[in-house]
Every structure is written in C-alpha cells, then in structure tokens.
1. Would segment 265-281 turn up any residue that is within 13 Å of the ligand (Cβ to nearest atom) and charged (D, E, K, R)?
2. Looking at segment 409-425, I want the residues that are within 16 Å of the ligand (Cβ to nearest atom) and have a partner that is of a type in the set (D, E, K, R) with Cβ atoms under 7 Å, at least 6 apart or on another chain. Which pairs are those?
3. Look at segment 250-264 and say how many of its residues are without any contact (Cβ under 8 Å) to a residue 60 or more places away in the chain and either out of contact with any Asp or Glu (no Cβ under 8 Å at 6 or more places or on another chain) or within 16 Å of the ligand (Cβ to nearest atom) (or both).
4. What are the pairs with Cβ atoms under 7 angstrom where one residue, in segment 341-362, is closer than 30 Å to residue 375 by Cβ and the other, located anywhere, is among the acidic types (Asp, Glu) and surrounded by 18 or more Cβ atoms within 10 Å (Cβ to Cβ)? Sequence gap at least six, or different chains.
5. In segment 145-173, which residue that is in a strand (DSSP E or B) and over 24 Å from residue 279 (Cα atoms) is farthest from the ligand (Cβ to nearest atom)?
6. Which members of segment 246-258 meet the condition of being more than 25 Å from the chain's Cα centre (by Cα) and closer than 22 Å to residue 431 by Cβ?
7. Quick one: in segment 403-436, which of the residues that are touching a helix residue (DSSP H, G or I) at 6+ places or on another chain (Cβ under 7 Å) and of a type in the set (S, T, N, Q) is nearest to residue 383 (Cα to Cα)?
Amino acid sequence: METIKNYINGQWIEAAEAEYASVINPATGEEVARTPLCGPEVVDAAAQAAAAALPAWRRTPAQDRIQYLFKLRDLLKSHQDEIARAIVIEAGKTFDEAKAEMVRAIENVETACGIPMMMKGEIAEDIAPGIDERMLRQPVGVCATICPFNFPGMIPFWYLPYALACGNTYVIKPSEKVPLTMQVIFRLIDQVGFPAGVVNMVNGAKAAVDAILDHPAIRAVTFVGSSPVARYIYLRAAERGKRVQAQGGAKNPVVILPDADMDMAVRIVSDSAFGCAGQRCLAVSWVVTVDQARQPFLERICESARSKVVGYGLDQGVQMGPVISQAARERIEGLIGVGVRDGAQALVDGRGALIPGYEKGSFIRPTVLDHVQPGSELSKTEIFGPVLSLTHVNTLEEALELVNAGVYGNQASIFTASGAAARRFSYEAQAGNIGINIGVAAPMAFFPFSGWKDSFFGDLHGQGMDAVEFFTQKKVVVERWPKDWSRQF
Ligand code: NAD
C-alpha cells in the first residue's frame, strides 16, 4: 500500500495528519492507499513556497520556462503506461481509456509550449502625438487547482502547463479518491527539475480546499467537480477577491433524427454513454429520438448495451470498468429505481452486477431506461454512471425545447445527415460544447473547454487562449518620450 505524500518546495513530504481517506481499487475492493486529509498548515506551506518562488520564475524568460515543459512532455510520453496503470487501479477505467486520457494531457503540455507566441501583448503608436500605448500580459501570481476523481491524469493538465508557462507558481490538490496518479506524475515533475516551489501538490479534501480558497497568497483558483461544489468554490473564492473558474456537473442530451446513420449513431452513443462507466462530464446520458428514429435506435442501443464486456480494466478485452465506489454504485442503482418508480421501463437493467473474480468490485452493467418523462426526477439528475435514458418526441423543435429546459449546459449532440438541422441545433442548443455526429465533443487543447449554465461558473475556461487569458493579467502602459529629449544624440 502506497503512502501518499505532498510535494512542497521541491521536496516530498510525508504528512503528519491523523485523518485519512481510503483509496479503494473499485474493481477489486482492495485498499491501495490512504490519502492524508491535510488542512490549512500544509496548504500554507505550499502557498508560501509558491509565493517565494514567484519573483524568480516570473523573471525567467518564457522561452526558458517552456524548456521545463518540453522535458515534462517527454517524460509523460515515455511513462504513459505506468501512469495509465495507476489510473486503472484507482479510478477503474480500462487501460485504453486511461492511455487515451494521457494523450489529452500531453496535448495540453504541447499547446502550452507555444506560450512565447500566445502571451505576447499589443501596441499602438501615436495614440496622441508622440504618445504610445501598449498592453502586456503578466502572470497573476500563485494559482491553485482543485481536481475531481474522474480524470486523475488529464484534468490537472487543463491548467498546470498554462499556469507555469505564463510565469505563475502553482499548487494542485488532486481528488482524495484518486491521489495515486498524481504521485506518479509528480515523480516525473521532480525529475524535470523545476526550481523549488514553482509547482507544489497538497493532498486532502474539504479542509484543504477551504484553506486554498481562503489563503491570501493564492490569487487564482480553477476547479472541476460537481455543480454544488463548483458554485460554492466560485462564491467563496470570489468573495475573497480571487480570479476563479469552476466547471460543474452535466446531463448531456443527444438528439437522434430519423435521417441519421443509425449504425454510426448507436456505436458512438453507446461508447459515449458507457465508456469510462458513464463517468465523463461529456458522456451523453439522455437520448431524445425524433419521429421514425425511435425504433431502429432503440433496438440497436439495447443490443450494444448488453454486449459490453464489463470487468477489471487491466484484464484483456474489457470494455467497461466499475464505477468509482460502492457508495456511487448504490446511488446510481437507487436512481435507476427512482426512474422505474416514476414510470420508466428498464429495457436493459445493469443493477446487481456480479463479475466473477471481482465480487467486491463496484460494478454496474450498462442500463437503458425507456420512457423517461421530461420533468421527472431522473430526467433532471446527473447520474454519472452507465445509464442511458430515452425520451421520444415528434419534431426537432420539441427536441430542442427539451435540450434547453435542463439546468446544465455542458454538451449537447445531434445525429443527422441534414446540414440545415445540424446548423439549427448548434445555433439554438444552450450548451458550451456541441457535437454533430460526435458523442464526446471534447475540445482539443487549443480550444477552450467550454460549459454553460450550471455546468460552469466563471467566464474564462480551461485550455487554449482562455487559459492564457485566465493565467495572465493585462497591464496597459501609456508612454510619452518627447522628441526634444533625443537632441543630445
Ligand atoms: P466533487 O465535487 O465531489 O469533488 C471535486 C473536488 O472538490 C475534490 O477535490 C473534493 O475534494 C472537493 N470537494 C468535495 N466536496 C467539497 C466541499 N463540500 N467543499 C469543498 N471541496 C469539496 O466531484 P467528483 O465526484 O470528484 O467529480 C465528479 C463530478 O465532476 C461530476 O459532477 C462531473 O460532471 C464533474 N466533472 C465536470 C467536468 C467539466 O468539465 N465540467 C469534468 C470532469 C468532471
């Protein structure tokens, strides 16, 4: 069993905390580590180290700062399998899903290596005779990130490389449920040899989060997790005058029109809904079939759901792993029960799954619920498990009304062969990420990872130019150099 350590001021530090959270392999039910539940003292040590490292790091030319990121990128790539293994062990993904996650992480490091170009400012000569004006981007200061459990290797990289490349120093808190992945990654960060204090990690849960939000040296906070916590982070950090962005939960609808390529739609929707056991913030969880699309889609999606090979992500041929914990399994099974109570029909029922050899695992098989009533409890609740709800309507107009009625706005997708229908959908759907014949519309690193309504609190998003804007503050210099003063030369 691994002891989870903090990484502060370039040193691995064993926490003295008496309280800890158990890290359970969700497939085997075994305890694989214990996360120390650190509080204000540890956060203060990390924030102080980051504050002390800031003046020298911000003066380091951007071109030199990114040399550390090039090295990190190479180490992440050559240790991809080792990191993926840690993700499988603590988060329950399949090995392929875990490796794919690291591809997206590395892509963000590569994008941040373009910072010398992206961080440049603007200049206007002669805004008045002999007066010039220029805008520069300078680092914000000490920045911090609070992570969720479902992408332990990728989500830190929506922020870490941009924060550092822009000249900030940094503190990260992984989810207490999945701290192992960042232990592996920080061993690589240690090898990179960043100056001490530039990048720090603290482990813990709410007490550590609150200490980050309250710490006066921390100037900006990014968060990814559930919507109630995202709202709380946004309000508390903003009250203390910090820059903040908080990504929240989701309930992603997908509309299937009758002219869709049905084989493709079923394959992609099935991968999106049941991949990562439905624990992706961009997983489609609610299908709205329009008119004649219902029957062909329904039959094939049930077939696809039944055929998924469920098991331990390190075993060959497994297509779907467990959900994160027994508590999550119970919550999800309870929600399936709520749906059935309210009139939904379980066409494929994944409750009570038993996987031979993994009887202590938190497994649920793919589940398909038909006739989920708009406005019912299930239609409004983020399930975050391998459960697909189906609703049927007669027109695209009605489908759009349903899509836009929800409180979340992370992603909305449509499957159709009609460009006009697709255009109308992308124009009118109220969600930050839109998929057209795409199941997981995850933006590449050089686009913002968007999110609207209760799926996002803030204005600037993670990744791409939004990240550069978030991790820098603008300074405008207006200057006058009278011509006469150059006469001496
Ligand atoms: P969570 O909100 O329970 O936890 C996220 C982080 O917040 C953890 O680090 C945790 O320690 C901390 N935390 C939890 N409760 C807290 C509290 N009361 N006060 C202060 N801090 C607290 O989320 P999770 O279960 O780890 O992750 C799953 C959620 O994340 C889902 O809702 C999913 O949709 C969402 N998510 C969203 C995106 C996105 O891009 N919008 C991406 C991934 C995950």
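The values are calculated or read from the model by the stated rules, or taken from the named source; none is laboratory data. Predicted model, so just to flag it, every value in this text is computed and none were measured. Here Cβ is always computed from backbone atoms with ideal geometry, including for glycine, and neighbour counts include all displayed protein chains.
1. To start, the set of residues in segment 265-281 that are within 13 Å of the ligand (Cβ to nearest atom) comprises 276-281.
Still in the list and also charged (D, E, K, R): 280.
Yes, that holds for at least one residue.
2. 409/453
3. Pass one, segment 250-264, residues without any contact (Cβ under 8 Å) to a residue 60 or more places away in the chain: 258, 262-263.
Subsequent filtering for residues that are either out of contact with any Asp or Glu (no Cβ under 8 Å at 6 or more places or on another chain) or within 16 Å of the ligand (Cβ to nearest atom) (or both) retains 262-263.
Within segment 250-264, residues that are without any contact (Cβ under 8 Å) to a residue 60 or more places away in the chain and either out of contact with any Asp or Glu (no Cβ under 8 Å at 6 or more places or on another chain) or within 16 Å of the ligand (Cβ to nearest atom) (or both) number 2.
4. 344/370; 345/370; 347/370; 351/333
5. Initially, segment 145-173 is screened for residues in a strand (DSSP E or B), giving 145-146, 169-173.
Pick out the ones that are also over 24 Å from residue 279 (Cα atoms) and you get 169-171.
Values: 169: 20, 170: 16, 171: 13 Å.
Per the stated criteria, the residue is 169.
6. 256, 257
7. Selected residue: 430.
Yes/no per residue for (1) outside any helix (DSSP H, G or I); (2) out of contact with any helix residue (DSSP H, G or I) (no Cβ under 7 Å at 6 or more places or on another chain); (3) in contact (Cβ under 8 Å) with a residue 24 or more places away in the chain:
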position: 18; (1), (2), (3): yes, yes, no
position: 56; (1), (2), (3): no, yes, yes
position: 74; (1), (2), (3): no, yes, no
position: 93; (1), (2), (3): yes, no, yes
